[in-house]
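Report on the following structure.
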Amino acid sequence: GPGAPQLDGRPVDPRLLVTLGGLLLVSAAVWLSYASVGPLGFGEEFHLSKTQIGFVFSAFAYPYLVFQIIGGWVSDRFGTRRTLIACSFIWAAATVLTGFAGGLASLLIARVLLGLGEGATAAGDSSSAATTMSPEQMDQAMKDSITAFPAKTEGLGAQLLAPTILPD
């Protein structure tokens, strides 16, 4: 019908969307299970309370959220290339600092920097794709990202299944 979902101008079977959505939820559940166990290791190593572990996670999340918006403005103002180069250096520095962290304060600093670098990178990536890719290339990139997301979240089933059910 006229309201049916489409991909490349062709109708998409709603069962496909439900299947992909279900696989995405399974992948997210797997990722969340890792995220819930991960703090046990570094929390014990740094002698952190559960509240302090929450601060460490939040030290990444809030700058990440804010810098997705600010990163878009920075990318528009100074150019995508400069933004992505600066973000790469911030991200790399945060990664190195995380390895040298000796306690709560240094972990918080590293995580804030990581949030800044990663948040602005997301906006720069989107801006770069929008200005350098044709609509057909963007379409393929979206298909590739749908296929790649489960790989990042350990969802092997979706990774193997998506190429067989997505139209070319």
Fill in: Listed peptides 111-121, 51-61 by packing density, highest first (mean Cβ within 10 Å)
111-121, 51-61
Worksheet item: So what's the net charge close to residue 16: Lys and Arg +1, Asp and Glu -1, counting the other residues with Cβ under 13 Å from its Cβ?
Response: +2
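Given a 1.4 Å probe and heavy atoms of the protein chains only, how would you sort 88, 75, largest accessible area at the top? Write down the numbers at each step before the final one.
Working: 88 70, 75 5 Å².
Accessible-area ranking of 88, 75, largest first: 88, 75.
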Item to complete: Would you mind counting up the charge near residue 57? Only other residues with Cβ under 12 Å from its Cβ, with Lys and Arg at +1 and Asp and Glu at -1.
Response: +2
Discussion item. Output wanted: per-residue J couplings in Hz (rounded whole) for segment 94-104, from phi through Karplus 6.51 cos²θ - 1.76 cosθ + 1.60, θ = phi - 60°, x for Gly and Pro.
Written reply: 4, 5, 5, 4, 4, x, 9, 4, x, x, 4
Worksheet item: Ordered by residue, what ³J(HN,Hα) values in Hz, to whole numbers, does segment 69-82 give under the Karplus form 6.51 cos²θ - 1.76 cosθ + 1.60, where θ = phi - 60° and Gly and Pro are x?
Response: 6, 4, x, x, 5, 4, 4, 5, 6, 10, x, 5, 4, 4
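The values are calculated or read from the model by the stated rules, or taken from the named source; none is laboratory data. Please read these numbers as outputs of a predicted model, since none were measured by experiment. Virtual Cβ from ideal backbone geometry, glycine too; neighbours counted across all protein chains shown. Ligands, DNA and RNA are stripped out before the accessible areas are found, and what is left, the full protein with its side chains, is counted by its heavy atoms. Shrake-Rupley method; radii C 1.70, N 1.55, O 1.52, S 1.80 Å.
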